[in-house]
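Heads up, the thing below is written out as structure tokens.
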Amino acid sequence: MSGISLKKLNKTYGHLTVVHDIDLEIADKEFIILVGPSGCGKSTTLRMIAGLEEISSGELYIGDDLVNDIPSKDRDIAMVFQNYALYPHMTVYKNMAFGLQLRKAPEDEIDAKVRETAKILDIEHLLNRKPKALSGGQRQRVALGRAMVRNPEVFLLDEPLSNLDAKLRGSMRSAITKLHRQLDSTFIYVTHDQVEAMTMADRIVVMKDGYIHQVDTPQVLYDRPINMFVAGFIGAPQMNMLDVTIEKQGEAYIGKFHDTDFPLMLGEKAARLDPYVGKSVVLGLRPESFHETMPHDVDPAKTCSFSALVELAEPMGAEIHLNLVAHGANLIARVSPRCEAEDGEMVTLYCDLANPHLFDKETEKSILF
Amino acid sequence: MQWLTNWMMKEGPGVRKDEPKKTGLALFVSIILREPWELFKLNLLMLLLCIPVITIPANLVAAGRICGLMIEDEVVFFWRDYWRAFGQRAVASTLWGLFFAVLLGICGYSAFIYGQLGLHDMVYVAPAVIAICLTLLVLMVAVCLFTILSKQVCLPALVLLKSACLAALAKPIPILAGIAFAALLWLAHVIFYPASIFLPVVLNFSLGTLAMVFGAYKATDFALQMLELVGSRQGAEESASI
């Protein structure tokens, strides 16, 4: 059993609290990712789990054991650092074997484990090389290998891909995901890259300013963010936020944005808008909600046309990102590559409002979820 | 100290999986560039273990083992591998060392005597040349035999000697080159003394051993393969006759 429980975990440095009352349950063999902007406390949380930072208050359980006062080496965890932290004077083999040697594992066992791990990570040809000769990706795999040979219950990874170029990062993302499946261990991974979080995690923990904002599966976070921060942080390009005024026309609600009426067909949840009638709320629209033609698979009652000025069209190959300006609001639309809109041109787009996101302007919390 | 961290953590060019294996001189140079610290440590240990004299043969075999691992591009656990080879081959290498010391002494002395006589009478030039060639051959056989011993191959004494002779005769040029390189290192020490006073402390022993083992490595592999081939052929003939 290697489930991990964080109960009211706090970390303070003098008067400054960087992690506030964190409660989190991590299941055995789960791949969980802590994501958030720099300084949100995700690495500090990870280091507290690793035992590299003292816990100011709260309880940390690994399995059924309270490990607050158990030293890092006895927690049966392995950590992969952002800068890999390989010993520069040791060969790859010795780097990987070092932890086992310290534990006085038999020589044959060390050799077998190192070679087996090297085979899994495809670094057999690097075993007699020193880190100085290795590229970033190779170092990264060695760092992973060093963690793997110990066969720990929990892997902690602190932004392990942030030093790699985009192409390598992509391939390493899938390699780590496969590794998780292969090893069947608990992975706790810290990143500020939401693409990494979305593609790799079983569940994502979104953090900001030392608080957990939302914990859920990637798709739920994308579809039902509970506040404006999560909505803006998850998804690339990020969600468009428009200030609209709620109006009620008969039984129907609309979000009025200057001369555009966004129909809000919310079904059972419509009643939640009653307190906001006549008030301003934030309407969140994903970039893919915009279409250059009327979408066929969407109820026409849940769409509206919308005019905006194309500030910049960014062809991405499979799609085009249109940077738009409408009544002073900046928006991004993700449209098909067939769209012929050019910079400086007024375009009319169709907005799909099947799944609108509405946020309270004061609390920034979702009105619908 | 940031520069030190940056220097140590600086990303390298990477190692290609399909990189062709270096051979010959390129491999020799790459080993020196790759393992300077290990070679230095080996040199110090060899230097210390040459002082009791009787430990020289086992010392050479153990150092040969380390050099062999470097040539094979295998992981070297310096202390462990050295002493393991030293312990395993201490008796055999000492006996062989005494044998070759006597043989080289006889050959060398005869070369010296015939050389001296040759200065006065041309009749003795031919035996002097033969003695020099024999000395070199014995030296080559000794290098090959010690290299085979360092490979941790267990062979009966006669078979071992036979394979060393076969290796020395099969590929004499690289073996001679290795011996010449080692000799040059010592010559440089003598010629440039006292400027070269630290040369034996830093690299003469280990680099010399590496050069000799490197020169004899393929030849001994070839000899051992031939031996296996003959052995398996004999085995097949015997089983066919049965």
query: Checking A:SER174 against (1) within 14 Å of chain B (Cβ to nearest Cβ); (2) over 16 Å from A:TYR93 (Cα atoms); (3) assigned to a helix (DSSP H, G or I), which single condition isn't satisfied?
result: (1)
field: Restricting the range A:93-110 to residues that are within 10 Å of chain B (Cβ to nearest Cβ) and surrounded by fewer than 16 Cβ atoms within 10 Å (Cβ to Cβ), the residue that is farthest from A:ALA78 (Cα to Cα)
entry: A:GLU107
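Collect the residues in the range A:122-147 that are in a helix (DSSP H, G or I), facing chain B (nearest Cβ under 7 Å) and within 16 Å of B:VAL75 (Cβ to Cβ), keeping them in residue-number order.
The initial filter retains those residues of the range A:122-147 that are in a helix (DSSP H, G or I), namely A:124-126, A:131-133, A:136-147.
After this cut, where a residue has to be facing chain B (nearest Cβ under 7 Å) as well, the list is A:125-126, A:132-133, A:136, A:138.
Correct list: A:HIS125, A:LEU126, A:ALA133.
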message: Just the residues that are modelled with pLDDT of 90 or more and assigned to a strand (DSSP E or B), please, taken from the range A:234-253.
response: A:ASN240, A:MET241, A:LEU242, A:ASP243, A:VAL244, A:THR245, A:ILE246, A:GLU247
message: So for the range A:153-168 (the condition being assigned to a helix (DSSP H, G or I), surrounded by fewer than 19 Cβ atoms within 10 Å (Cβ to Cβ), modelled with pLDDT under 90 and away from every other protein chain (no Cβ under 14 Å)), does at least one residue qualify?
response: yes
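Please verify whether the range A:281-294 includes one or more residues that are part of a loop (DSSP other than H, G, I, E, B) and at pLDDT 90 or above. First the steps, then the outcome.
As a first pass, look at the range A:281-294 and keep what is part of a loop (DSSP other than H, G, I, E, B): A:286, A:292-294.
Restricting the remaining residues to those that are at pLDDT 90 or above gives A:286.
The answer is yes; a qualifying residue exists.
Among the residues of the range A:17-41 satisfying the criterion of being in a strand (DSSP E or B) and out of contact with any helix residue (DSSP H, G or I) (no Cβ under 7 Å at 6 or more places or on another chain), which is surrounded by the fewest Cβ atoms within 10 Å (Cβ to Cβ)?
The selected residue is A:ASP23.
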- line: Considering residues that are surrounded by fewer than 17 Cβ atoms within 10 Å (Cβ to Cβ) and not in a strand (DSSP E or B), the number found within the range A:1-16 is 3
query: Quick check: is even one residue across the range A:52-74 of a type in the set (Asp, Glu), in contact (Cβ under 8 Å) with a residue 40 or more places away in the chain, closer than 22 Å to A:GLU153 by Cβ and assigned to a strand (DSSP E or B)?
result: yes
- prompt: Pairs under 8 Å by beta carbon, first residue on the phi > 0 side of the Ramachandran plot in the range A:153-165, partner among the polar types (S, T, N, Q), six or more apart or different chains?
  reply: A:GLU159/A:SER43; A:GLU159/A:GLN82; A:GLU159/A:THR191
statement: Residue hits (the range A:175-221; acidic (Asp, Glu) and either in contact with a strand residue (DSSP E or B) (Cβ under 9 Å, 6 or more places away or on another chain) or without any contact (Cβ under 8 Å) to a residue 24 or more places away in the chain (or both)) are A:ASP193, A:GLU196, A:ASP202, A:ASP209, A:ASP216
message: Looking for something within 24 Å of B:LYS218 (Cα to Cα), surrounded by 18 or more Cβ atoms within 10 Å (Cβ to Cβ) and in contact with a Ser or Thr (Cβ under 8 Å, 6 or more places away or on another chain) - is there at least one such residue anywhere in the range B:106-117?
response: no
task: Return yes or no: is A:PRO225 in contact (Cβ under 8 Å) with a residue 40 or more places away in the chain, assigned to a loop (DSSP other than H, G, I, E, B) and closer than 22 Å to A:GLU362 by Cβ?
output: yes
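The values are calculated or read from the model by the stated rules, or taken from the named source; none is laboratory data. Quantities reported herein were computed from a predicted structural model and do not represent experimental measurements. Methodologically, a virtual Cβ is constructed for each residue, glycine included, from the backbone with ideal geometry; neighbour enumeration extends over all protein chains shown.
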